[in-house]
């Protein structure tokens, strides 16, 4: 038996019993290995991408971004704006229905948007100019502004975490700092909570009452047609085991296989590597600004001056055709991206050591969370530990699964009491290129993203960017935002890379490119 054949046989023996006895055997079932296990189900409570992807399965949005990055209506049928640009009126499509059979109304939309805007950086900036949001009738609502605002539709059609998903009123009224307990949406798939087994399997079934838009699917917009009866996210934390399962035909698709296994995948003529996120992602390390040592700007800058991005990218991605060294907070090769010379590219270890000394660092180990099962960032912590220890930091790298990181990063307790100092994650480039949409750029203190930087000057710049209408002025403000981020060392940029998936091309077609992995439009033949 060949090497590939042995791997395939191993995967079949390991997974075949579970998968072949599925209760949906007679149905068309798409079996997927997602990039992480799903344990948190509230896409407003967390920005974790696995929870965002879960959100796209079961919820819908008022607007959505197409493949050309244009904002298009989704749940909205028609909209208009008053001559003074202060009153935006939206009417929902007819026939929208929750999974429990109740109609979707304006009364659902209003608390959904309020809950989202309370915790999302882009929503927070929008809500600074919202005087009122009110229902006109069951399908029509108005957004009343105190002044004209240039990013209304871009905010309502925000493509990635946090996405302004619309939920039923009784669920959307849950406080934003508490997780919802019901998971009823109006989207193309229904979540089967009774079959959900964390660490094993997540199940969705086709929503038979969903009415897709008439337009062809494009990016995250258009007709969300569920072309399979059932989608199963099968938990296989070991990447090689997942690849073996794909080669054996036990699964249909892997969302994010690691690049070092690409050669194995390329050997099989029935498997296709697919760059579903062509714009790529930005990788970062997040500092906790509440506690020492990173409540001191000099300690944060010491990490920046100790950084060589190439080491991170080689360890995590490996293939230089896929990754890009880039120190622009708002993404290289975009209109807003500003680069900063050798910063983060060529380390200055002496300056890093001097800054660390000036910060008053007392040698207490930095608690660094290491998500072992997240293929997009699980190799970064080892590199960070080595680079930081060169300049005098002590590092306590604590390994756990990604969902444990997702839960723990929300804690503001001191590191010695279950909190943290540093963790690693990624964001899609399409979000990160805009200083209002970029979740890392908020300086909103308690309302900022995990790490909670408090920077009034940065917030003023973001608000000014959102209000500006002249493109030259917007670019200048975007540059100032990046200057502030780098001067204050708000977070550590590790570079950019493209995301590739893999699927069985002998039986799967229709996987849409975009900033998130979505599973409508995919068809399967047995």
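The values are calculated or read from the model by the stated rules, or taken from the named source; none is laboratory data. Bear in mind that the values here come from a model prediction, so they are computed numbers and not experimental data. No Cβ is skipped: glycine too gets one built from the backbone with ideal geometry, and neighbour counts run over all protein chains shown.
Structure notes:
- Inspection of the stretch 127-145 identifies at least one residue that is assigned to a helix (DSSP H, G or I) and not assigned by TED's automatic domain parsing to the domain that holds residue 466.
- Put simply, of 395, 391 the only residue that is touching a helix residue (DSSP H, G or I) at 6+ places or on another chain (Cβ under 9 Å), under 20 Å from residue 364 (Cβ atoms), buried (at least 21 other Cβ atoms within 10 Å of the Cβ) and modelled with pLDDT of 95 or more is 391.
- Residues of the stretch 406-423 classified as buried (at least 19 other Cβ atoms within 10 Å of the Cβ) and either closer than 20 Å to residue 240 by Cβ or modelled with pLDDT under 95 (or both), total: 1
- The stretch 193-224, residues that are in contact with a strand residue (DSSP E or B) (Cβ under 9 Å, 6 or more places away or on another chain), crowded, with 17+ Cβ neighbours inside 10 Å and in a loop (DSSP other than H, G, I, E, B): 196, 207, 210, 213, 219, 220, 222, 224
- On the stretch given as the stretch 69-85, residues that are under 29 Å from residue 233 (Cα atoms) and over 19 Å from the mean Cα position of the chain (by Cα) total 4.
- Among the residues of the stretch 429-449, the ones that are out of contact with any helix residue (DSSP H, G or I) (no Cβ under 8 Å at 6 or more places or on another chain) and not in a loop (DSSP other than H, G, I, E, B) come to 4 in all.
- Residue within the stretch 425-446 that is farther than 26 Å from residue 35 by Cα and surrounded by fewer than 19 Cβ atoms within 10 Å (Cβ to Cβ) present: yes
- Selection status of residue 458, assigned by TED's automatic domain parsing to the domain that holds residue 308 and closer than 29 Å to residue 323 by Cβ: yes
- Selection from the stretch 3-37 of residues that are modelled with pLDDT of 95 or more and in contact with a helix residue (DSSP H, G or I) (Cβ under 8 Å, 6 or more places away or on another chain): 31, 33, 34
- The set of residues from the stretch 492-524 being part of a strand (DSSP E or B) and on the phi > 0 side of the Ramachandran plot comprises just one member, 495.
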